[in-house]
Structures are given as structure tokens and as C-alpha cells.
Amino acid sequence: GGPGAGRGGGGGSRSRGILFAVVGSLLVAATMLVVRHVGTRVDALQLAASFHLFSAAVGATALGLGIQQPKLPTRLLTVLLVILVSASSFVGQPLLTYSFQHLPAARAA
């Protein structure tokens with residue numbers, strides 16, 4: 001098989017993955033520019049909290065519209081990993097925001 005053999009990745013899912021990665025990268029770059037523009041006029045924790053509130057609202061909307069179906073993890077390890085991702089995201093976001101607010105752009109990136 002080819003490079004995607006055994007991973008269940010067909011051409012369509014690979015293209016979709018690449019598209020999502022490119023769009024995600026562009027959105028992250030736009031976020032960095034906005035944070036640099038806002039500067040220290042808004043606290044890093046406030047920016048992170050608004051990010052997470054917006055993410056929760058988008059997730060709730062997707063669930064309400066049936067776009068995304070909830071999948072509850074059944075294994076303890078999976079539950080712990082989901083909690084770890086959530087906690088590290090909430091702690092990491094203000095740290096990243098703070099670095100983009102206070103460091104020179106080249107160093108922060």
C-alpha cells in the first residue's frame with residue numbers, strides 16, 4: 001500500500017484533512033495578528049476566557065443543530081485524556097496570548 005495504507009485515509013479524507021489544516025493555520029495566524037493588535041489593552045486571561053466561551057457556544061450550536069453528535073468516552077484512559085486536553089488548553093491559551101502580547105513577534109512565534 002501507499003503512504004495512507006492501513007490508516008483508513010482515502011483520498012477524500014486526506015484532502016479534507018489538508019484543507020482543515022490550511023484553514024486552521026490561517027485562522028491561527030489571524031488570531032495572532034489580532035492579539036498583537038489588541039496588545040495589552042485586554043488581559044490575556046480575558047482573551048482566553050472569551051475564546052473558550054465562544055468555543056463552547058459554537059459546540060453547543062453544532063450539537064443543537066445536529067451537526068455534531070456527542071460521543072461520550074467509555075474507557076477511563078480516554079476520559080482522563082479528554083480532561084488533560086481541556087485543562088492544558090485552558091492553561092496554555094492564556095500563556096500563548098500573553099507571549100503574543102508581550103514578546104517581539106519573531107520570538108513569540
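The values are calculated or read from the model by the stated rules, or taken from the named source; none is laboratory data. Only a predicted model underlies this, so the values are computations on that prediction, with no experimental measurement involved. Don't worry about glycine lacking a Cβ; one is built from the backbone with ideal geometry, like all the others, and counts go over all protein chains shown. Areas reflect the complete protein model, heavy atoms only, side chains present, ligands, DNA and RNA absent. Shrake-Rupley method; radii C 1.70, N 1.55, O 1.52, S 1.80 Å.
The table below lists the values:
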quantity: Single residue of the range 78-101 satisfying the filter (hydroxyl-bearing (Ser, Thr, Tyr), out of contact with any helix residue (DSSP H, G or I) (no Cβ under 6 Å at 6 or more places or on another chain) and closer than 20 Å to LEU47 by Cβ) that is least open to solvent (accessible area, probe 1.4 Å); calculated: SER89
quantity: The range 75-104 residues that are within 14 Å of VAL35 (Cβ to Cβ), paired with ones that are loosely packed, with under 11 Cβ neighbours inside 10 Å and of a type in the set (D, E, K, R) (beta carbon under 9 Å, 6 or more apart); calculated: SER99/ARG107
quantity: Filtered residues of the range 37-56 (kept if open to solvent by less than 90 Å² (accessible area, probe 1.4 Å) and either free of Cβ contacts under 8 Å to residues at least 12 places away in the same chain or more than 17 Å from the chain's Cα centre (by Cα) (or both)); calculated: VAL38, GLY39, VAL42, ALA49, SER50, SER55, ALA56
quantity: Residues of the range 10-33 satisfying the condition of being more than 20 Å from GLN93 (Cβ to Cβ) and either surrounded by fewer than 10 Cβ atoms within 10 Å (Cβ to Cβ) or β-branched (Val, Ile, Thr) (or both); calculated: GLY11, GLY12, ILE18, VAL22
quantity: Some residue of the range 57-77 being closer than 27 Å to HIS102 by Cα and open to solvent by 80 Å² or more (accessible area, probe 1.4 Å); calculated: no
